[in-house]
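Chemist: Please read through the structure below; I'll follow up with questions.
The values are calculated or read from the model by the stated rules, or taken from the named source; none is laboratory data. Predicted, not measured: the structure shown is a model, and the values here were computed from it. Heads up, the Cβs are rebuilt from the backbone with ideal geometry, glycines too, and the neighbour counts pull from every protein chain shown.
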Amino acid sequence: MTHEFDLAAFLGDGVRKRGGAWNFIRGFAGHWASPLENADGWSAAELAAAEERLGVRLPAVLREAYLLFGRRRDLTSNYDVLLGPAELYVDDAGEALVFRHENQGAASWGILLDGLQDDDPAVFSRTDLVDKSAERWEGWMERLSLCFVEIVLAESLHADEELCDFLDADESDVALLEENFVRLPFPVYPMGDEENGSRWFLGQDALLRDDAGAAISTRGRTAEDLDRVRGLIPGDWLNDCH
């Protein structure tokens, strides 16, 4: 499948439309993990049971994602956690349907209840604060299908340690990133935060994410691909034992 999957082209199509998002995820799984199989999704009956329990209709994109790859934890839950149908819930304030948790419970991702009627609604995030009255749902991504593309990309950065690494970055590291790697056609997020958001880059069989110039995370398809990244951006990489 190596010669068939142009990551940047498929990603661009995935950003533009929801059908492209599923094509990207299929291609990415086959090229960077293992191909999707029929058993990788939740069943329609399990989604129907969740709707009955919650008393809401799940958006079309949420249903499509869960049916296609919702059980594939290697694509969705290496670090943060995609909730299963039986775990979906409405937050205590009755504002949002929560579908994802940060790995230590410090944040959640959800869809505002008044957006559930949309096929591909916006996604919001909320940080867990000591002062619960100060918690607010804030914009994360403009479309749920886009969020699922990001989930698969982000969770790939937390696969096997020999394929992934992390660097506390400075301006010179970011300059080397921009010089040696290609910016991918994925919008900066959280939405509306162009100066402090995350950006994605691509190298020779290597993915990289820049988080507001403060950190660079990377994943190579092989250990050699990862070493190539370290060579182009020298620094105190967390998992580099050389």
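Chemist: Kindly provide the set of residues from the range 189-233 that are farther than 18 Å from Gly12 by Cα, out of contact with any helix residue (DSSP H, G or I) (no Cβ under 8 Å at 6 or more places or on another chain) and of a type in the set (S, T, N, Q), ordered by number.
Modeler: Residues satisfying the conditions are Asn196, Ser217.
Chemist: Looking at the range 204-225 only, could you name the residues that are farther than 17 Å from Ala154 by Cβ and either in a loop (DSSP other than H, G, I, E, B) or not charged (D, E, K, R) (or both)?
Modeler: Applying the first criterion (farther than 17 Å from Ala154 by Cβ) to the range 204-225 yields 204-205, 213, 222-225.
Within the range 204-225, Gln204, Asp205, Gly213, Thr222, Ala223 meet the criteria.
Chemist: Identify, by number, the condition in (1) in contact (Cβ under 8 Å) with a residue 24 or more places away in the chain; (2) loosely packed, with under 15 Cβ neighbours inside 10 Å; (3) outside the structural domain of Ser108 (by TED's automatic domain parsing) that Glu178 doesn't meet.
Modeler: (1)
Chemist: Filtering the range 75-98 down to residues that are of a type outside the set (A, V, I, L, M) and free of Cβ contacts under 8 Å to residues at least 24 places away in the same chain, which residue is farthest from Arg126 (Cα to Cα)?
Modeler: First, pick out the residues of the range 75-98 that are of a type outside the set (A, V, I, L, M): 76-80, 84-85, 87, 89, 91-92, 94-95.
The next check asks that each one be free of Cβ contacts under 8 Å to residues at least 24 places away in the same chain; those that pass are 87, 92, 94.
Numbers: Glu87: 18, Asp92: 13, Gly94: 14 Å.
For the range 75-98, the residue satisfying everything is Glu87.
Chemist: Of all residues in the range 77-92, count the ones that are part of a helix (DSSP H, G or I) and either at pLDDT below 95 or surrounded by 21 or more Cβ atoms within 10 Å (Cβ to Cβ) (or both). Before the answer, list the steps.
Modeler: In the first step, residues of the range 77-92 are kept if they are part of a helix (DSSP H, G or I); the result is 85-87.
Okay, now just the ones that are also either at pLDDT below 95 or surrounded by 21 or more Cβ atoms within 10 Å (Cβ to Cβ) (or both), so 85.
Number satisfying all stated conditions: 1.
Chemist: If a residue must be surrounded by 15 or more Cβ atoms within 10 Å (Cβ to Cβ) and over 23 Å from Glu52 (Cα atoms), how many such residues does the range 93-121 contain?
Modeler: The qualifying residues number 2.
Chemist: Filter the range 1-22 for residues that are over 16 Å from Val182 (Cβ atoms) and small (Gly, Ala, Ser); which is surrounded by the most Cβ atoms within 10 Å (Cβ to Cβ)? If you could, list the steps in order and put the result at the bottom.
Modeler: Of all residues in the range 1-22, those over 16 Å from Val182 (Cβ atoms) come to 1-4, 13-14, 16-22.
Now drop any that are not small (Gly, Ala, Ser), which leaves 14, 19-21.
Working: Gly14: 26, Gly19: 12, Gly20: 18, Ala21: 29.
Among residues in the range 1-22 that are over 16 Å from Val182 (Cβ atoms) and small (Gly, Ala, Ser), the one surrounded by the most Cβ atoms within 10 Å (Cβ to Cβ) is Ala21.
Chemist: Among the residues of the range 230-238, are any closer than 19 Å to Phe28 by Cβ, in a loop (DSSP other than H, G, I, E, B) and not assigned by TED's automatic domain parsing to the domain that holds Ala8? Spell out the reasoning first.
Modeler: Residues of the range 230-238 closer than 19 Å to Phe28 by Cβ: none.
No, the range 230-238 contains no residue that is closer than 19 Å to Phe28 by Cβ, in a loop (DSSP other than H, G, I, E, B) and not assigned by TED's automatic domain parsing to the domain that holds Ala8.
Chemist: OK, next. Considering every residue within the range 23-34, establish whether at least one is surrounded by fewer than 16 Cβ atoms within 10 Å (Cβ to Cβ) and in contact with a Pro (Cβ under 6 Å, 6 or more places away or on another chain).
Modeler: Scanning the range 23-34, I find no residue that is surrounded by fewer than 16 Cβ atoms within 10 Å (Cβ to Cβ) and in contact with a Pro (Cβ under 6 Å, 6 or more places away or on another chain), so the answer is no.
Chemist: Oh, and also: For the range 50-74, which residues satisfy the criterion of being part of a helix (DSSP H, G or I), touching a residue at least 40 places away in the same chain (Cβ under 8 Å) and charged (D, E, K, R)?
Modeler: In the first step, residues of the range 50-74 are kept if they are part of a helix (DSSP H, G or I); the result is 50-54, 60-69, 73-74.
From what's left, touching a residue at least 40 places away in the same chain (Cβ under 8 Å): 54, 60-62, 64-65, 68-69, 74.
Listed by number, the residues that qualify are Glu64, Asp74.
Chemist: Condition (residue is modelled with pLDDT under 95 and not in a helix (DSSP H, G or I)) applied to the range 10-32: is it met by at least one residue?
Modeler: yes
Chemist: Can you name the condition, by its number, that Met191 falls short on among (1) crowded, with 16+ Cβ neighbours inside 10 Å; (2) modelled with pLDDT of 95 or more?
Modeler: (2)
Chemist: While we're here: Any residue in the range 94-115 that is in the same structural domain as Glu51 (by TED's automatic domain parsing), farther than 27 Å from Gly12 by Cα, more than 20 Å from the chain's Cα centre (by Cα) and part of a loop (DSSP other than H, G, I, E, B)?
Modeler: yes
Chemist: A follow-up question, please. Please work out if Leu157 is touching a Leu at 6+ places or on another chain (Cβ under 8 Å) and at pLDDT 95 or above.
Modeler: For Leu157, the condition - touching a Leu at 6+ places or on another chain (Cβ under 8 Å) and at pLDDT 95 or above - is met.
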